[in-house]
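Peer 1: Next up is a structure, given as structure tokens.
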Amino acid sequence: MQRSSCAVTVAVSVAAIAPAAAAGGSATLHAFVTPILSRQILPALRLSSGRRLRPKALSNNSAGRHEYDEFAKDPKYWSRWGAPATMYGQRNSALAAMLGGYHARRVFEFAGNGGFFAQRALNTSSVLERLEMWTHSDLSYPALEYAVALLSDDRSFAHPDIDCVRAYGRTYRDALPYSRVWTTPTARGVRITVEFADVETTHFMNTHKWDFYDAFTTISFEHIRNDLDFIRKIPAQAIFVFCVATYGGKGSSALHARSFKTEQSIRERYGGLLDIHDVHCLVYQKKRCRKFGVAAKRKRPKSESGRGRGRGPGLQI
């Protein structure tokens with residue numbers, strides 16, 4: 001798709017040049033061509049290392065995508081969202097431990113925000129025990145670019161305490177989706193993929209290979225507006241380990257679709273669709289829970305109850 005886009009840009013530009021050349025000579029041609037080269041052809045052909053063509057954003061359906069892009073472009077991206085000592089770093093470690101209890105084989109991660117949770121999970125021995133594939137996805141290309149840099153470079157892959165971009169620079173190995181086989185410390189080969197996915201779009205909901213994965217996970221389920229529809233698509237008995245916030249309404253948390261103050265509110269919203277095995281607080285600040293982790297499996301459709309079929313008690317923001 002990217003190559004076709006470049007070809008169309010070049011073809012249109014060349015077609016436009018010919019009349020200008022005939023009409024006004026070299027000076028006119030130079031004046032006409034320069035803006036086209038600078039604004040159309042060169043940006044389309046600009047390459048970094050490897051064969052990567054910078055992909056264009058495909059999503060125009062998710063509120064807040066611009067804000068997510070700005071988060072990932074921030075020079076303090078890692079220190080805010082990825083550093084182990086932060087609230088988010090603590091969440092990543094605790095959620096990885098919850099996921100590790102299921103020994104999943106093929107994991108689909110969505111709304112991944114830079115790959116920090118994937119990095120932590122892929123360095124957790126219980127997660128790796130039977131793991132064959134981990135697919136990391138997001139709707140923000142700057143966040144995906146960081147994830148590629150993080151998960152493609154063995155110098156930073158095993159070191160969550162390193163800001164890989166500041167230490168080694170952004171590196172792009174290929175066009176998205178990016179994929180590699182990583183040899184774990186136990187010599188098991190795990191396929192790691194980084195790809196674009198906007199889980200709030202009808203296209204994703206209708207075309208995603210749901211049955212290919214036996215586990216789904218996210219650090220940011222409070223951001224997903226169509227949360228109940230997403231869960232309904234998860235295959236019966238598939239694992240779902242996710243995090244939700246207890247707060248919302250200000251700053252970055254204004255992007256939250258809902259928040260949950262108590263364990264009971266989580267069970268009331270999702271208990272009709274999920275067999276919830278565990279809910280516990282992942283992060284405390286000032287003696288208040290900030291992040292809940294939830295470990296569950298999708299119920300068989302015939303065992304679904306009325307709970308979790310409507311909006312539920314989650315606070316709409």
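No lab work stands behind these numbers, since they all come straight from the coordinates. Computed from a predicted structure; not experimentally measured. Note that we place each Cβ from the backbone using ideal geometry, even for glycine, and neighbour counts take in every protein chain shown.
Peer 1: From the backbone phi of the stretch 137-145, what are the Karplus-calculated ³J(HN,Hα) couplings (6.51 cos²θ - 1.76 cosθ + 1.60, θ = phi - 60°) in whole Hz, Gly and Pro given as x?
Peer 2: 9, 6, 9, 9, 5, x, 5, 5, 5
Peer 1: Which number do you get for Rg(Cα) / (2.2 N^0.38 Å) in the stretch 120-228?
Peer 2: The stretch 120-228 yields a ratio of 1.12.
Peer 1: In whole Å, largest first, what are the principal axis extents of the Cα atoms in the stretch 65-316?
Peer 2: 51, 38, 34
Peer 1: Each residue of the stretch 116-126 in order: what ³J(HN,Hα) in whole Hz does its phi give by Karplus 6.51 cos²θ - 1.76 cosθ + 1.60, θ = phi - 60°, with x for Gly and Pro?
Peer 2: Residue by residue, the stretch 116-126 yields 5, 5, 4, 4, 5, 5, 6, 10, 10, 4, 5 Hz.
Peer 1: Take peptides 213-221, 259-267, 96-104 and line them up by average Cβ neighbours within 10 Å, highest first, as a rough protection proxy.
Peer 2: Values: 213-221: 24.4, 259-267: 18.4, 96-104: 20.1.
Going by the mean number of other Cβ atoms within 10 Å, highest first, we get 213-221, 96-104, 259-267.
Peer 1: Pairs of lysine in the stretch 65-316 with Cα under 23 Å and at least 8 positions apart or on different chains: total?
Peer 2: Step by step, the pairs that qualify in the stretch 65-316 add up to 18.
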